[in-house]
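To start, the structure under review is shown below, and the notes come after it.
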Amino acid sequence: MKDTLHIAEPVIEAKGVDLVFQTGDGPVHALKDVTLTINRGDFVSFIGPSGCGKTTFLRAIAGLETPTGGQLSVNGLSPDAARQARAYGYVFQAAGLYPWRTIAGNIKLPLEIMGFSRADQDARVERVLKLVDLEGFGKKFPWQLSGGMQQRASIARALAFDADILLMDEPFGALDEIVRDRLNEELLRLWAATDKTIGFVTHSIPEAVYLSTKIVVMSPRPGRITDVIESTLPRNRPLDIRDTPEFIAIAHRVREGLRAGHHDEI
Amino acid sequence: MRSILPILTVLCAILVIWYGAAMKLNAAWTYDQAARAGTDPTFVDVINDTMAQERPVLPPPHQVAKGLWEGLTAQAITSKRSLVWHGWVTLSATLLGFAVGAGLGTALAIGIVHNRAMDLSVMPWAIASQTVPILAIAPMVIVVLASLGITGIVPKAIISAYLSFFPVLVGMVKGLRSPDGMQLDLLRTYNASTAATLWKLRLPSSMPYLFASLKVAIAASLVGTIVGELPAGATAGLGARLLSGSYYGQTVQIWSALFAAAGLAAALVVIVTLVERLVLRRMGVAR
């Protein structure tokens, strides 16, 4: 069993992370005292209502926001150093493909910036296109692809340079339910194939439960963690696992966590 | 083809108004001449005369068309009477000025986008530069440069660049800033350098803005060159034709030069538009 081979090895460690934005209406406490450890090979979902700081936390891990307090490390480095070491691939809510580049050209973008050789670039493009099931679409332009295919291309772009960590900010939020189900299934397959550590922001409970080994429930004002749920589901998950009592129990606990966070506020 | 009808309608209306105005404005001269000769011209005589005066107040369209045609074809194109030769003189300075202006505008825009000090300091001066009447600056540029021994195409090109850098500057600042936060964040996650961000994201994103401003800039370049030719001693160029025409009351010559300039401007804008279409199509942006 693959599961037993995983020895807990922390990749992302947060200790008492605070993040306060100074705005025109005064300070906004986006993150308060966030403590969390993400181990190698984990699939961690961050779930919560808007304003709970889930995206902010992901961006802080990526070094795109700087915490105002506490400690945060990625691969034992500061987030900014980890960013400079190109420790992660980031997938945004919108695919954000360049309309003037083909799909292959878009996937090459990080490779060109990071100075991979031309032959290596082509090989990598082929490999990741296969990984996201877009073989033969390299020469197409983004507008020739559906929204779901574009998002898959953007995942391929994040995978192309072989970072160990994949950070995904509501990557399927703009897609319809059916496409979303398929992409969730593919993402699990991809995760199993590549053995990456994944941080995944969502506000869909089924999505979080279906995908994750660890679910982090967050609540707003100030943004904080209210519950961390270790999933008991096996790593190998067919779509119909969502009808099992185990799945429903976890989903129930997530919902309770979200409700509890909501009550605090009133 | 459906669009041809409105265009023809407008053209006909312009011709009718133009002919009417020419008859009215030129008739005074006809009556003066008749009074001096002691004759009493009929209405038809007056109309015929207003259509064929040598120095009409307003030359009717067919006279301008004839003047333009003769200017273009009646002599070798190297002759100083040829509009082709004068047009080339103007065009060469225009193209040089346009290239300098577009390059300068783009360079300043890149500076403004990347440097806060330039952002705060350059733009007000650029705007101020365009509030000064070009007619006031042109003679000074010509005179100052002539005293330094610089004559010919360069002073005109400088005036041309002075007018054409501005639209490119404004358009490119907007264009280079057009990528949204997510696009810039994506490049930050790759730890991309400022230069890589410029080449791979900002410049390609700014292409539609660039071409929109180039169309304005090339027309402004031509105006700048013509204005630069006015105080240059009126020897060569469409501006010189305009000026010498007005010295000697050669209204047909003025209008011919005017239309030659307008045709040149239109041709230049069309060329920029074609290049735009080609570039955007190759970029896969235009569908």
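Considering only protein heavy atoms and a probe of 1.4 Å, how much of the accessible area of the protein assembly as shown is carbon and sulfur, as a whole percent? About 63 percent, which is the carbon plus sulfur part of the accessible surface.
Evaluating 6.51 cos²θ - 1.76 cosθ + 1.60 at θ = phi - 60° for every residue in the stretch A:26-39, the Karplus couplings come out as x, x, 10, 7, 6, 9, 10, 6, 8, 10, 6, 10, 10, 8 Hz, glycine and proline recorded as x. Taking 20 Å as the straight-line reach from the Cα of B:Lys24, the aspartates and glutamates in range (excluding those fewer than 8 positions away in the same chain) are B:Asp32, B:Asp40, B:Asp45, B:Asp49, B:Glu54. Comparing each chain alone with all protein chains together (probe 1.4 Å, DNA, RNA and ligands left out), the residues of the stretch A:38-73 losing at least 30 Å² of accessible area are A:Leu64. Taking DSSP loops as anything outside H, G, I, E and B, show the longest stretch in chain A free of trypsin sites (Lys or Arg not before Pro) there with at most 11 other beta carbons within 10 Å. In chain A, the maximal stretch lacking such sites is A:3-138.
Ordering B:Gly97, B:Tyr190, B:Thr151 by the projection of their Cα atoms onto the charge dipole of chain B, which places +1 on the Cβ of Lys and Arg and -1 on the Cβ of Asp and Glu, puts B:Tyr190 at the extreme positive end. Accessible surface calculations at 1.4 Å, restricted to protein heavy atoms, place the stretch A:2-71 at 46 Å² per residue.
Over the stretch A:104-172, Cα pairs under 8 Å with separation of 6+ residues give a relative contact order of 42 percent. Net charge dipole, the stretch B:4-58: roughly 180 debye, given to the nearest 20, about the Cα centre with Cβ charges of +1 for Lys and Arg and -1 for Asp and Glu. Here each label is just a point 7 Å from Cα along the line to Cβ, and for A:Ala85 and A:Ala249 those points are 3.9 nm apart. State the Cα centre-to-centre distance between the stretch A:129-162 and the stretch B:40-61 in whole Å. About 73 Å separates the Cα centre of the stretch A:129-162 from the one of the stretch B:40-61. Largest first and in whole Å, the equivalent-ellipsoid semi-axes of the protein assembly as shown read 70, 25, 22, each the square root of five times a Cα gyration tensor eigenvalue.
Of the trypsin sites (Lys or Arg not before Pro) in the stretch B:2-94, the ones in a loop by DSSP (not H, G, I, E or B) with at most 10 other beta carbons within 10 Å are B:Arg2. Only the Cβ atoms of Lys and Arg (+1) and of Asp and Glu (-1) were treated as charged; on that basis the dipole of chain A about its Cα centre amounts to roughly 560 debye. The distance between label points at B:Gln130 and A:Glu185 comes to 5.7 nm (points 7 Å beyond Cα on the Cα→Cβ vector). With coordinates expressed along the principal axes, the C-alpha atoms belonging to chain B extend over 91, 56, 36 Å, beginning with the largest. Accessible area per residue for the stretch B:83-282 is 45 Å², calculated with a 1.4 Å probe on protein heavy atoms, without ligands, DNA or RNA.
For the protein assembly as shown, DSSP calls about 55 percent of its internal beta bridges antiparallel. The calculated FRET efficiency for the pair A:Ile241 and A:Thr35, based on their C-beta separation and a Förster distance of 51 Å, comes to about 0.95. Chain B against chain A buries an accessible area of about 2100 Å², both chains summed, 1.4 Å probe radius.
Using the rule -39500 (n - 2.57) for each DSSP H run of four or more residues, divided by the residues of chain B, the 222 nm mean residue ellipticity is -26500 deg cm²/dmol. Look at the alpha carbon pairs under 8 Å that are at least 6 residues apart: their mean separation over the length of the stretch A:143-266 gives a relative contact order of 21 percent. Computed from Cα atoms, the angle from the helix A:245-265 axis to the main principal axis of chain A rounds to 60 degrees. Within chain B, the selection of entire DSSP H helices by a Cα span of 15 Å or greater along the long axis and an average Kyte-Doolittle value of at least -1.0 returns B:4-37, B:61-73, B:83-114, B:116-131, B:134-147, B:153-176, B:203-229, B:251-282.
In the stretch A:145-184, taking the dipole from charged Cβ atoms about the Cα centre, the farthest positive-side position among A:Ala163, A:Leu175, A:Leu145 is held by A:Leu145. Stretched out straight at 0.36 nm per residue, the stretch from B:Thr235 to B:Ala99 would grow longer than its current Cα-Cα span by 46.5 nm. Averaging over all projection directions, the Cα-based convex hull of the stretch A:182-266 occupies 5.7 nm² in the image plane. With kT/(6 pi eta Rh) evaluated at 20 °C and eta = 1.002 mPa s, and Rh the Kirkwood radius from Cα pairs, the stretch B:4-58 diffuses with a coefficient of 174 µm²/s according to Stokes-Einstein.
With r defined as the distance between the Cβ atoms of B:Val144 and B:Ala52 and R0 fixed at 60 Å, what FRET efficiency is calculated, to the nearest 0.05? Calculated value: 0.85.
A simple spin-label model places pseudo-atoms 7 Å from Cα toward Cβ; at B:Ser178 and B:Ser193 they are separated by 2.6 nm.
The lysines whose alpha-carbon is closer than 22 Å to the alpha-carbon of A:Lys196, local same-chain residues fewer than 8 away aside, are A:Lys2, A:Lys54, A:Lys108, A:Lys130, A:Lys214. What you get for the protein assembly as shown, charging only the Cβ of Lys and Arg (+1) and of Asp and Glu (-1), is a dipole of about 1260 debye around the Cα centre.
The values are calculated or read from the model by the stated rules, or taken from the named source; none is laboratory data. The structure displayed is predicted, hence computed values, not measured ones. Reconstructed Cβ throughout: ideal geometry from the backbone, glycine too, with neighbour counts over all protein chains shown. Accessible surface areas use protein heavy atoms only, side chains included; no ligands, DNA or RNA. Shrake-Rupley method; radii C 1.70, N 1.55, O 1.52, S 1.80 Å.
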